[in-house]
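A.B. asks: What follows is a single structure, and I will ask about it in a moment.
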Amino acid sequence: NVLILDFGSQYTQLIARRVRELNIYSEIKPYDKVPEDLSIFKAVILSGSPISVRGENTLHPDLSKIKGKIPLLGVCYGAQYLAHFNGGRVEESNTREYGRANLASIKNNELFFEGIQAGSQVWMSHSDTIKELPTNAVQLASTADVENAAYRIEGEETYAIQFHPEVYHSKDGTKLLENFLVKIAGLKQDWTPDAFVETTVQELKDEIGNEKVILGLSGGVDSTVAAVLLNKAIGKHLQCIFVNNGLLRKNEFKNVLKQYEGMGLNVKGVDASARFLKALAGESDPEGKRKIIGKSFIEVFDDESHKIEDAKWLGQGTIYPDRIESVSASGGPSAVIKSHHNVGGLPDYMKLKIVEPLKMLFKDEVRRVGASLGIDAELLGRHPFPGPGLGIRILGDITAEKVAILQEVDHIFVSGLKEHGLYDAVWQAGAMLLPVNSVGVMGDERTYEKCVALRAVESTDGMTADWVNLPYEFLQKISNEIINKVKGVNRVVYDISSKPPATIEWE
Ligand code: XMP
C-alpha cells in the first residue's frame with residue numbers, strides 16, 4: 001500500500017490515480033490523521049498545499065514515524081516541508097514558477113531518475129522556493145528558474161521534488177513515480193481489476209457469511225457493479241430492488257430489468273410510477289420535487305425490504321470520491337466528509353449494517369472492475385442520470401403526459417447520439433421540457449405548443465462542465481425528428497451554457 005498524506009492540494013486525488021494506474025494500491029489521508037498502524041504502508045507521499053511552510057498556520061504534522069523509516073516522497077509543499085523543518089531554508093520566490101519547465105542537470109545515474117533524460121518537461125505550481133537544502137541532502141535536478149527542483153536525503157529513502165509528477169504536463173511523471181515506488185520502495189505492481197475482484201469477493205464472503213443483503217439498483221454503473229460483486233460473493237443471499245419511479249427514460253425499466261436478469265442477479269422490479277406521480281401532483285418547486293421523490297423512494301424501498309425476511313445488510317454503490325476526507329481549500333484543520341448514502345437515510349428501525357464494496361475505487365476503476373466481471377460495455381459506458389430522473393428535467397409541475405413527451409424527445413436525442421457515434425464523446429446528455437408554449441405553424445395550421453431544450457456536456461466529475469459543440473447537421477436532423485414525431489412539441493433549442501455559472505440540470 002501507498003499512503004498519500006493530503007495537505008490540501010487540488011492535485012492530491014490525481015496522485016492517488018497515477019499510483020493506481022501503475023497497479024499499486026494507494027489511499028489518501030488528511031495530513032493530520034497519520035494512521036497509527038503504518039506497517040501496511042511501503043511508501044508515503046506528501047502532497048502539495050495552498051499553504052506556505054513559512055506561515056504561522058502552516059501544516060506541520062509529526063512525521064517522525066515515517067521519515068527515515070519508510071520510503072518517502074515529498075511533492076511541492078511536501079518537498080518544502082522536508083526542507084524547511086529539517087535545516088533547510090524556504091523563501092518566497094521572486095520569479096514566476098507556474099507552468100511548464102524543463103529539468104536540467106539530472107542525476108540519472110540515480111535510481112530515482114533512471115530512464116529520464118535532461119530536458120524532460122515538468123509542471124511547476126508554487127510561489128515559495130527552496131533556497132537551501134536540508135541537512136545531508138543531495139541535489140538531483142534543477143530547472144532554469146528552480147535551483148533545487150529535486151533532492152534526496154543521504155542515508156534515508158527520502159526524496160523530494162518541487163514539480164508535480166501527477167499532472168499530465170509532467171511528461172515523465174509516471175515514470176518517476178514508478179522509479180520511486182517500484183525501484184526504490186520495492187512495491188509490486190499487482191493491484192489489477194482481477195486481483196481486486198478476487199480479494200473483494202473473499203472479503204465480502206468473510207464479512208457477510210450467510211446473512212442477507214438488500215441493494216437498491218438504479219440502472220447506473222456503480223450500483224450495478226456493486227451488485228455483481230456481491231452476487232459473486234453471496235449469490236442468492238443478495239436481493240436487489242429496482243424501483244420504477246415513473247421518471248425513468250423511455251423503456252428503461254423494462255430493458256434494464258431484462259439486462260439484470262440476464263446477468264443472473266436476483267432482482268425484484270417494483271413499478272411504483274403511479275405512487276410517485278400522485279405524490280408529485282401539483283408540485284412545481286425544484287427542491288419540493290426532489291424531497292417528494294426522495295421520500296417516496298424510501299417508502300417504497302422500505303415496504304419492499306420488509307417483505308424480505310432477516311435482511312441484515314444494506315448494499316450500496318458508494319465510490320471513493322464520495323468518501324475522501326478532504327482538507328479544506330484554506331488548508332485549515334476543518335476536514336469535511338461528504339456523506340453519500342445513496343438511499344438517502346433509511347429509517348432507524350431498519351438498523352441495517354452497510355456494505356459498500358466499491359468504497360475505495362474511483363469511477364474509472366469501477367468501470368474496469370465491471371469489465372473484469374464481464375458486465376456489458378454498453379452498460380458500463382452509460383451517461384450519468386440523476387436519481388430524481390426526468391422529474392428535474394420537466395420544469396414546473398409533473399404530469400404523466402409531460403413525462404411521456406419528454407421520454408420521446410430524450411429517446412430521439414440519445415439514440416441519435418449513439419447512431420452518429422457521438423454518445424461516448426459526451427459525458428452526459430438529455431432533454432428538458434420547458435414550461436413555455438410558443439407559436440408555430442404546421443401545414444396551414446397555427447400551433448401553440450411546448451418547447452424543449454437539448455443539453456450535452458463534457459466533464460470529468462460533474463463539478464464543472466462545458467457544453468458540447470455538436471455538429472449543426474446533427475442538431476438539425478434531431479430537431480426535425482423531434483418536431484415531426486413528438487406531438488405537443490413545436491420548438492427545439494440547444495443549451496450553450498457551461499457550469500459554472502449554469503448547472504448541468506436545469507433544476
Ligand atoms: P448539476 O445540475 O448540479 O448536476 O450541475 C451535476 C451532476 O449531478 C447530477 N444530479 C443529481 N444526481 N440526484 C442525483 O442523483 C440529484 O438530485 C441530482 N441533481 C443533479 C446531474 O445529472 C449531473 O450529473
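A.B. asks: Using 0.36 nm per residue, how much length does the chain from Asp444 to Asn109 gain when fully extended, once their Cα-Cα distance is taken away? Numbers along the way, then the final one.
C.D. replies: Working: separation 335, 0.36 × 335 = 120.60 nm, distance 8.23 nm.
Fully extending the segment from Asp444 to Asn109 adds 112.4 nm.
A.B. asks: Just how many % of Cα pairs in the range 399-494 lie over 18 Å apart, if you round to the nearest whole percent?
C.D. replies: On the way: 2120 of 4560 pairs.
Distances greater than 18 Å cover 46 percent of the Cα pairs.
A.B. asks: Residues of the range 1-32 with amide nitrogen under 12 Å from the 7 Å Cα-to-Cβ point of Val182?
C.D. replies: 21-24
A.B. asks: From the Cα trace of the range 193-380, what convex hull volume per residue do you get, rounded to a whole Å³? Write out the running numbers ahead of the final one.
C.D. replies: Numbers: hull volume 27.9 nm³, N = 188.
Considering the Cα atoms of the range 193-380, their hull volume per residue is 148 Å³.
A.B. asks: Let me see the pair-distance distribution of the chain: every alpha carbon pair, 20 Å bin width, integer percents in order.
C.D. replies: Reading upward from the zero bin: 20, 44, 30, 6, 0.
A.B. asks: Indicate, rounded to the nearest 5 percent, the antiparallel portion of the DSSP beta bridges found entirely in the range 59-186.
C.D. replies: The antiparallel proportion sits near 80 percent.
A.B. asks: Please compute the length gained on full extension between Asn437 and Asp32, using 0.36 nm multiplied by the number of residues separating them and subtracting their Cα-Cα distance. Show your work: numbers first, answer last.
C.D. replies: Numbers: separation 405, 0.36 × 405 = 145.80 nm, distance 5.66 nm.
That pair, Asn437 and Asp32, stretches by 140.1 nm at full extension.
A.B. asks: According to the Cα gyration tensor, what semi-axes, each the square root of 5 times an eigenvalue, does the equivalent ellipsoid of the range 341-479 have, listed from largest to smallest in whole Å? Each step should come with its number before you reach the end.
C.D. replies: On the way: eigenvalues 236, 99, 31 Å².
So the three semi-axes of the range 341-479 are 34, 22, 12 Å.
A.B. asks: Okay, next question. Work out the FRET efficiency for Phe85 and Lys205 from their Cβ-Cβ distance, taking R0 = 45 Å, and round it to the nearest 0.05.
C.D. replies: Numbers: r = 46 Å, r/R0 = 1.02.
For R0 = 45 Å, the calculated efficiency reads 0.45.
A.B. asks: Here's a follow-up. Given 25 °C and 0.890 mPa s, how large is the Stokes-Einstein diffusion coefficient of the range 2-184 in µm²/s, with Rh as the Kirkwood radius over Cα pairs? Numbers along the way, then the final one.
C.D. replies: Numbers: Rh = 16.0 Å.
Roughly 154 µm²/s, to the nearest whole number.
A.B. asks: Going by average Cβ density within 10 Å per residue, which order do the peptides 459-465, 79-85 take, highest to lowest? Let's see the in-between values first.
C.D. replies: On the way: 459-465: 14.1, 79-85: 25.0.
Per-residue Cβ counts within 10 Å, averaged per peptide and sorted highest first, yield 79-85, 459-465.
A.B. asks: Can you tell me what share of the DSSP beta bridges in the chain is antiparallel? A percent to the nearest 5 is fine. Mind dumping the intermediate values first?
C.D. replies: On the way: 34 of 73 bridges.
If I count the DSSP bridges inside the chain, around 45 percent turn out antiparallel.
A.B. asks: How do 358-370, 419-431 rank on mean C-beta neighbours within 10 Å, highest first?
C.D. replies: Numbers: 358-370: 19.6, 419-431: 16.6.
Order by mean packing, descending: 358-370, 419-431.
A.B. asks: How long is the gain from Glu378 to Lys131 if the chain were fully straight, where each residue apart is worth 0.36 nm and the alpha carbon distance is subtracted? Walk me through the intermediate numbers first.
C.D. replies: Values: separation 247, 0.36 × 247 = 88.92 nm, distance 5.36 nm.
Full extension of this stretch gives 83.6 nm more.
A.B. asks: For the range 208-267 and the range 389-404, what is the separation of their Cα centres, given in Å?
C.D. replies: 25 Å
A.B. asks: Please list, ordered by chain and number, the residues whose modelled amide H lies under 5 Å from the amide H of Asp271; skip anything fewer than 5 residues away on the same chain.
C.D. replies: It is Asn244, by chain and number.
A.B. asks: Now for a different question. Give the percent of DSSP beta bridges with both residues in the range 384-499 that are antiparallel, rounded to the nearest 5.
C.D. replies: On the way: 15 of 21 bridges.
Antiparallel bridges: around 70 percent, rounded to the nearest 5.
A.B. asks: Using just the Cα positions, wrap the range 370-443 in a convex hull and report its mean projected area in square nanometres, one decimal place. Don't skip to the end; give the middle numbers.
C.D. replies: Working: hull surface 29.0 nm².
Averaged projected hull area, Cα only: 7.2 nm².
A.B. asks: Right, something else. What list do you get for Glu21, Glu287 if you sort them by fewest beta carbons within 10 Å? Please list the in-between numbers first.
C.D. replies: Values: Glu21 13, Glu287 10.
Listing Glu21, Glu287 from fewest to most nearby Cβ atoms yields Glu287, Glu21.
A.B. asks: For the residue pair His169 and Lys268, what label-to-label distance in nm results when each label sits 7 Å from Cα along the Cα-to-beta-carbon direction?
C.D. replies: 5.5 nm
A.B. asks: If you don't mind, another one. What FRET efficiency would be calculated for the residue pair Ile298, Ala144, taking the C-beta separation as r and a Förster radius of 56 Å, to the nearest 0.05? Don't jump to the answer; show the numbers that get you there.
C.D. replies: Values: r = 60 Å, r/R0 = 1.07.
Given R0 = 56 Å and the Cβ-Cβ separation, E is 0.40.
A.B. asks: Related question: Given a Förster radius of 41 Å and the C-beta distance between Lys477 and Asn94 as r, what FRET efficiency does 1/(1 + (r/R0)^6) yield to the nearest 0.05?
C.D. replies: Values: r = 58 Å, r/R0 = 1.40.
That gives a FRET efficiency of 0.10.
A.B. asks: Still on this structure: Separation between the Lys291 and Arg17 pseudo-spin-labels, each 7 Å from Cα along Cα→Cβ, expressed in nm?
C.D. replies: Each label point is offset 7 Å from its Cα along the Cβ direction, giving 3.6 nm.
A.B. asks: Below 8 Å, C-alpha to C-alpha, sequence gap of six or more: please give me the relative contact order for the range 2-184 in percent. Don't skip to the answer; put the middle values down first.
C.D. replies: Details: 409 pairs, mean separation 39.4, N = 183.
In percent, rounded to a whole number, it is 22.
Every number here is computed from the coordinates shown, using simple stated rules; none is lab data. Because the structure is a prediction, the values reported are computed rather than measured. So basically every Cβ, Gly included, is an ideal-geometry build from the backbone, and we count neighbours across all protein chains shown.
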